[in-house]
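Worksheet: one structure, shown below.
The values are calculated or read from the model by the stated rules, or taken from the named source; none is laboratory data. The structure presented is a predicted model; accordingly, all values stated were derived computationally and were not measured. Glycine also receives a Cβ, built like all others from the backbone with ideal geometry; neighbour counts cover every protein chain displayed.
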Amino acid sequence: MEEEKKVCTKLRSLRRARGLSIHELAEKIGEDYQKVGRIERGKRALTLDCFVKLARALQAPVDTLLDEKDSDQAQMGGQALTDIVNMVEDYDIEGDKKGEFISKLYQLALKFSPESQGQFLASFFEGLNAYLATASNNSPHVV
């Protein structure tokens, strides 16, 4: 039960780091907000199905939620996600592709230490801008 409580605490930390309310997260996973709140507080058992839905909605690898690293690492990952979303807003990417792009870039950023994630993202977007400027006749921000 203690391990489940740690996972629930991490879920709450990730939700907050991503700027989501309980209502917004519950809507993303198709569950009642009260159920999500009880799960976060450790008052309701977390089923595998619900766990996977929450991990996907929070764009968090399942192993990240299960490992023993403390919540600060998860919050650093949340900062990387926030940075990615803010940077991607400058690009003209079609609906579903934008979410997929953010998700894949976030997964890449998580491979770096929290201290190196910002540098990785800055380098990535610098290279992307240079490529787009060359590839689309100096019309950057079109993917």
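Structural remarks
- In region 26-84, of all residues being in a helix (DSSP H, G or I) and of a type in the set (S, T, N, Q), the one that is modelled with the highest pLDDT corresponds to 34.
- Count - residues of region 93-127 that are assigned to a loop (DSSP other than H, G, I, E, B) and in contact (Cβ under 8 Å) with a residue 24 or more places away in the chain: 2
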